[in-house]
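Here the structure is laid out as structure tokens; the discussion comes afterwards.
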Amino acid sequence: MENPYQAPQAVVRDDPVDSSNTADLLTGQKRVIYAVLLYLATVAVSVIGGQNILASLIVLVLAITFLVLGWTGIYRISRGLGHGMGSRILIMVLMLVPLLGLLTLLLTNSKATKALKAAGYTVGLLGARPKQA
């Protein structure tokens, strides 16, 4: 006879996380975080440098670098989250609008953080750390 006071037992199945999606999220998040930092550095140099030619050249280099990092990071995160090509392109076009680009980076990073935490990763200030055993 079964024990009527025994707790119910369920078969729990761990769904394996697609490692290619997780790899896209990991690298994309790092790139987006570095793009945000470069965005802030670009703003700081442009404010501090004023109309100086050297400062303008530094701002140009930083802006191009942050755009490339941001675009590749957003593309990889969007691919890792399963977004279609149309939404990936729309998100990358939004990066060209000054403050909207920063908000796009932050929102995309937030979505990647949620997905990585759901996959069992610990996410810190500069990205996800390897899973703890």
* When the Karplus curve 6.51 cos²θ - 1.76 cosθ + 1.60 is applied with θ = phi - 60°, which whole-Hz ³J(HN,Hα) does each residue of the range 66-71 get, with x for Gly and Pro? -> 5, 5, 5, 4, x, 5
* Structure fact -> Scalar couplings 3J(HN,Hα) for the range 77-86 by Karplus 6.51 cos²θ - 1.76 cosθ + 1.60 (θ = phi - 60°), nearest whole Hz, x for Gly and Pro, are 5, 4, 5, x, 7, x, 6, x, 5, x
* Structure fact -> Summing -39500 (n - 2.57) over every DSSP H run of at least 4 residues in the chain and dividing by its residue count gives a helix-only mean residue ellipticity at 222 nm, to the nearest 500 deg cm²/dmol, of -24000 deg cm²/dmol
* Structure fact -> For the chain the mean separation of alpha carbon contacts under 8 Å (6+ apart) over residue count, i.e. relative contact order in percent, is 29 percent
* To do: Calculate one ³J(HN,Hα) per residue across the range 46-62 by plugging θ = phi - 60° into the Karplus curve 6.51 cos²θ - 1.76 cosθ + 1.60, and present them in order as whole Hz with x for glycine and proline.
  => 5, 6, 6, x, x, 9, 5, 5, 4, 5, 5, 5, 5, 4, 4, 5, 5
* To do: Tally up the carbon and sulfur contribution to the accessible surface of the chain as a whole percent, 1.4 Å probe, everything protein left in place.
  => 68 percent
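The values are calculated or read from the model by the stated rules, or taken from the named source; none is laboratory data. Computed from a predicted structure; not experimentally measured. What goes into the accessible areas is simple: the full protein's heavy atoms, side chains included, and nothing from ligands, DNA or RNA. Shrake-Rupley method; radii C 1.70, N 1.55, O 1.52, S 1.80 Å.
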